[in-house]
1. Between rounded, prolate and oblate, where does segment B:185-324 land on the alpha carbon gyration tensor, with a ≥ b ≥ c its root eigenvalues, rounded for a/c under 1.5, else prolate if a/b exceeds b/c?
2. Report the label-to-label distance for residue A:221 and residue A:174 in nanometres (one decimal), using points 7 Å from each Cα along the Cα→Cβ vector.
3. With a 10 Å radius around each residue's Cβ, average the other Cβ atoms per peptide and rank A:174-184, B:260-270, highest first.
4. Can you work out the PRE-style zone for residue B:309? Point 7 Å along Cα to Cβ, and I want the residues of segment B:2-20 with backbone N under 15 Å.
5. Write down the percent of antiparallel bridges among all DSSP beta bridges whose residues are both part of segment B:20-152, to the nearest 5.
6. Just grab the label-to-label distance for residue B:249 and residue B:374, each label 7 Å out from Cα along the Cβ direction, in nm (one decimal).
7. Determine the gain in length on full extension of the stretch residue B:229-residue B:188; use 0.36 nm per residue of separation and subtract their C-alpha separation, reporting nm with one decimal.
8. Looking at segment B:1-137, I'd like the Rg to Rh ratio, where Rg is from alpha-carbon atoms and Rh is Kirkwood's inverse mean 1/r.
């Protein structure tokens with residue numbers, strides 16, 4: 001259900017990257033989390049919030065403010081959702097544990113998501129499945145539950161088709177990176193042309209230019225934030241660390257071997 | 001006269017070293033401070049160890065044929081559908097295994113000395129002996145030997161004496177719980193492995209069946225202070241299955257995370273836990289301890305030509321260290337990589353559990369564990385496995401990103 005809300009916010013850029021840790025929130029998403037009962041009122045509401053997404057630092061507070069003022073139901077829903085899950089458990093007797101609430105969702109049947117309940121316009125709404133599983137995992141991370149043999153969990157993320165992942169996560173980022181590469185490319189081509197007089201087609205024939213192009217493409221792919229440089233350096237060091245520990249005893253070869261005969 | 005060797009520590013590593021040395025004609029002294037103690041241990045050994053070390057099946061308490069791996073969100077997969085009828089993971093009691101290996105070493109000619117080694121005196125010249133100072137039967141004694149094998153475990157005295165350096169270690173904590181019969185039935189041939197930040201930030205928690213009880217425990221490298229909290233976590237995660245059980249023993253022990261900076265110095269060689277030969281990812285130590293003890297013993301026998309010649313540091317390096325590293329470093333490296341990728345975060349653990357559902361993954365991992373060799377695999381299956389590994393990691397990482405966004409909202 002929440003995917004239809006995503007469709008109303010295309011103008012706002014989706015800033016999530018594939019492999020980086022979560023950072024800034026795309027603001028329209030903030031208002032998307034409310035439960036489906038909000039659907040009819042959604043379009044106007046999100047048009048309001050999308051346009052408010054222009055300031056950088058003030059965005060969190062402004063989005064919340066919009067949420068608060070606009071639809072009273074909205075502000076209540078996010079707080080209600082966890083309660084809904086908690087509330088449905090209070091009736092069911094717990095196994096003697098005191099304050100632990102089990103994960104509960106009407107669409108979670110028999111240890112996996114019942115895809116029939118995710119139908120939208122005749123086909124499965126994969127984004128909603130992804131969202132539901134994310135919530136389940138987050139719930140369990142915050143409230144670890146004992147595993148039981150009576151209701152084993154058998155959900156496998158590979159039932160969600162690859163194109164659903166692509167469309168939602170990869171494509172927006174690909175757009176971003178291609179945009180960056182294109183901007184850099186255009187500017188560099190112009191610069192080289194103005195300095196050397198070599199046109200774009202002739203530039204492509206030159207080995208040095210091809211190398212620069214390759215470096216630019218790889219750079220845009222690999223280094224997406226300033227922190228990535230540090231991350232890569234640390235990664236290289238980490239991968240060779242264990243090896244160094246194994247080789248340590250051989251370093252001793254040259255020093256001190258005459259000490260003890 | 002014959003070469004004299006002292007093996008300090010009478011566990012699997014020491015006993016195997018002593019057995020190889022004594023069988024090869026070296027005059028061997030095996031030191032063990034408490035022959036009847038039960039070292040806190042998971043107690044699982046691979047199939048190849050039963051063959052390679054001629055262990056009688058009567059030593060084995062349980063034949064585990066099913067291993068259940070449980071992810072942070074309780075997604076469960078069962079390892080073991082690829083096991084053939086004669087294959088299993090052997091669970092045994094350390095006191096049973098250790099005393100068997102020790103008495104076998106004794107029967108090959110090693111002299112067993114029950115005593116605590118307090119100091120190892122280093123020689124002044126290349127031909128003077130090492131002097132082992134120990135207390136036995138209330139009196140202080142000493143023994144002069146030519147070669148020393150340090151097999152005295154994670155807190156090795158020998159390692160300290162030769163200045164072998166330190167290693168980082170994990171703390172493994174476990175409670176032995178006697179379950180009511182109907183609950184014990186569930187664990188008859190089944191071991192469980194639990195993953196999640198609530199049970200361990202960088203390792204796994206386990207429920208392993210032993211002779212008439214289960215061992216419920218967890219381990220960690222970086223959060224040793226919180227080990228009790230993690231133990232509560234695993235008790236909670238397994239609650240329906242261990243409820244009503246009675247705790248009969250609580251134990252803890254350090255597990256080395258990597259080899260010591262120096263494993264051979266002078267005419268002293270370290271083996272087993274003393275050297276730091278515990279693999280990452282699985283935390284397996286018994287097989288590698290025994291194997292390294294044996295290889296070290298055989299290396300000394302070869303270099304000394306059956307105890308006739310004196311040996312030097314170069315001999316130990318060439319015949320033992322080089323052989324060991326050439327044979328097993330890649331195994332250790334692969335397991336280190338797996339641990340880094342799959343144990344470091346909840347999403348890595350979810351990915352691992354999902355991958356473990358695949359038959360090819362199960363077959364490859366179980367066979368490499370049981371036979372300690374990289375099994376010749378189907379090339380195409382290998383490619384598919386690599387692709388699905390990347391795909392699963394990407395999906396779980398995306399999900400973790402989404403979870404992070406939810407956290408930031410809430």
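1. Details: a/c = 3.71, a/b = 2.39, b/c = 1.55.
Cα axes put segment B:185-324 in the prolate bin.
2. 1.3 nm
3. Working: A:174-184: 13.5, B:260-270: 25.5.
Ranked by mean Cβ neighbours within 10 Å, highest first: B:260-270, A:174-184.
4. Output list for this probe position: B:3.
5. 85 percent
6. Output for this residue pair reads 3.9 nm.
7. Gain on stretching residue B:229 to residue B:188: 12.0 nm.
8. Checking Rg against Rh, the ratio lands at 1.12.
Read-outs: derived from the displayed coordinates by stated rules, not from any lab. Every value quoted in this text rests on a predicted model; they were computed, and no experiment measured them. Note: ideal-geometry Cβ built from the backbone for every residue, glycine included; neighbour counts use all protein chains shown.
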